[in-house]
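Asker: Mind having a look at this structure? Questions to follow.
The numbers here are math on the coordinates, done by the rules we state, and not lab data. Quick caveat: nothing in here was measured; it's all calculated off a predicted structure.
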């Protein structure tokens, strides 16, 4: 029997404010993307189980490209496994817009192709069904 929760994908977009820049070149730290993954995982749990759930672990976190202040980041979580109380999710953070400070303080552009910045696998747990 097929579980309708498998393959569910939830996507959020977020502007990365300059107040979050942590390193030279307006880079934000890797924890920023992980925080966004937590937000999208919460919505997945609400949609699949009617509960915010709890994050249990991350595996295979890969930081593939920089995320900078002024970017618009799109994060998605897809359910790849459904256990009794655990759910495995595949995460991806993509930069879809990038600031262009060389053109002016508020200049930015939509990227023709999103840049995959961070990927991860995560496990969330939800309460047992009554």
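Asker: Which value results for Rg/Rh of the chain when Rg is the Cα radius of gyration and Rh the Kirkwood radius based on the inverse mean 1/r? Intermediate values should be presented prior to the final figure.
Answerer: On the way: Rg = 16.2 Å, Rh = 15.5 Å.
Expressed as Rg/Rh, it is 1.05.
Asker: What residue among 59, 77, 69 has the largest mean-square fluctuation in a Gaussian network model of the chain, using Cα springs under 10 Å?
Answerer: 59
Asker: Between region 94-127 and region 1-79, what's the alpha-carbon centroid distance in Å?
Answerer: 11
Asker: Could you work out the relative contact order of the chain? I mean the mean sequence separation of Cα pairs under 8 Å and 6+ apart, divided by the number of residues, in percent. Numbers along the way, then the final one.
Answerer: Working: 285 pairs, mean separation 38.6, N = 130.
Over the chain, the number comes to 30 percent.
Asker: What is the angle, in °, between the Cα long axis of helix 30-49 and the longest principal axis of the Cα atoms in the chain? Nearest 10 is fine, range 0 to 90.
Answerer: 30
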